[in-house]
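Have a look at the structure below before the remarks.
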Amino acid sequence: MRKKGITALKVIISAVLIYFIFTKINFEDVVVVLKRTNPIYLLIAFLLFIISKVLAAFRLNLYFHKLHVPLSRHSNLRVYLLGMFYNLFLPGGIGGDAYKGYLINKNFEVGTKKVISVLVLDRLSGLLLLFIYACILGIFLRNDFLTGYEIVLAVAIIVGIIVFWLLNKKFFRYVLPVFWKSFAYSSLVQLAQLGSVFFILKALSIKVQTMAYLFIFLISSIVSVLPVTIGGIGSREVTFLYGAKFLALDENTAVGISMVFFLITALVSLCGIYYHLKKPKLETK
């Protein structure tokens, strides 16, 4: 009952946020933005998103291998894709991370605590790079609010890396040897997603304020990780809406970007239904 209650609450919050967004913008204008999409650039954005998820799966496998879970890359990719499907389309059942943790612990008996730890670290590693890239863009973004905070943002990057390293050293020493490898993977993951959004901008013929839209995307990605909505639905769009207001951008265009990115995410995640119907066998190296 508790899980059903939490799921129902998330659905309600997502629905309220979506309703709120469409009371603040003209939906017809958003449709006009989406209709001028260039399919070639959209395809490139789609491919870059897939690359980002493949790299994210490789990053997670680094952690698994340190737990003496020698999953092959193919098996790990299948499990990762199934997890994406569960996260987005079956939020009322088994969440993607919960399923991955259950499957790994069932087959390899490494201990629930360690499996959960590496799943959390995997998420935190991604969040750290979102934060770092947001700070970098914030340094170069010409905005009255951010002007004068360049040094603060630069220091925040260094402090963030040090704090995360110390966190790994103190509480998760058993995966510390792959810290910098996972950091490198996270850098490439978020860079690929930034590239995906960049080509979404090109697909929508957006040629001005590119850096500002990318900055909003990074902030929205951080917000969407918070477990208050279904798959980040609603929270990302609200962040784009108010981010556009804050940076004096076109709000309809901003929401259109968010919707295109969500559709790409949903299409890729939907492919995981194959492994929902035919559970993947875990193969080792």
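Each residue in region 117-164 was checked for being in a helix (DSSP H, G or I), among the hydroxyl-bearing types (Ser, Thr, Tyr) and at pLDDT below 90, and 1 pass. Please find, within region 142-195, the residue that is surrounded by the most Cβ atoms within 10 Å (Cβ to Cβ) out of those that are charged (D, E, K, R) and free of Cβ contacts under 8 Å to residues at least 60 places away in the same chain. In this case the residue turns out to be Glu150. Residue check: Tyr80 meets all listed conditions (1) at pLDDT 90 or above; (2) farther than 18 Å from Ile264 by Cα; (3) not small (Gly, Ala, Ser) but one, namely (2). Just so you know, in region 245-278 the residues that are in contact (Cβ under 8 Å) with a residue 24 or more places away in the chain and in a loop (DSSP other than H, G, I, E, B) include one that is farthest from Leu34 (Cα to Cα), and it is Gly272. A search for C-beta distances below 7 Å between a residue of region 215-237 that is more than 14 Å from Phe262 (Cβ to Cβ) and modelled with pLDDT under 80 and any residue that is among the hydrophobic types (A, V, I, L, M, F, W, C) and in a helix (DSSP H, G or I), counting only pairs 6+ apart in sequence or on different chains, returns Val225/Leu127; Val228/Ile13. Looking only at residues in region 60-73 that are under 27 Å from Leu194 (Cβ atoms) and surrounded by fewer than 21 Cβ atoms within 10 Å (Cβ to Cβ), the one that is modelled with the lowest pLDDT is Arg73.
Condition check ((1) under 16 Å from the mean Cα position of the chain (by Cα); (2) without any contact (Cβ under 8 Å) to a residue 12 or more places away in the chain) across all residues:
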position: Phe58; (1), (2): yes, no
position: His68; (1), (2): no, no
position: Leu82; (1), (2): yes, no
position: Phe89; (1), (2): yes, no
position: Lys100; (1), (2): no, no
position: Asn105; (1), (2): no, yes
position: Thr112; (1), (2): no, yes
position: Val118; (1), (2): no, no
position: Gly126; (1), (2): yes, no
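The values are calculated or read from the model by the stated rules, or taken from the named source; none is laboratory data. In this text the structure is predicted, and so the values were computed from the model without any measurement. Positions of Cβ are backbone-derived with ideal geometry, glycine not excepted, and every protein chain shown enters the neighbour counts.
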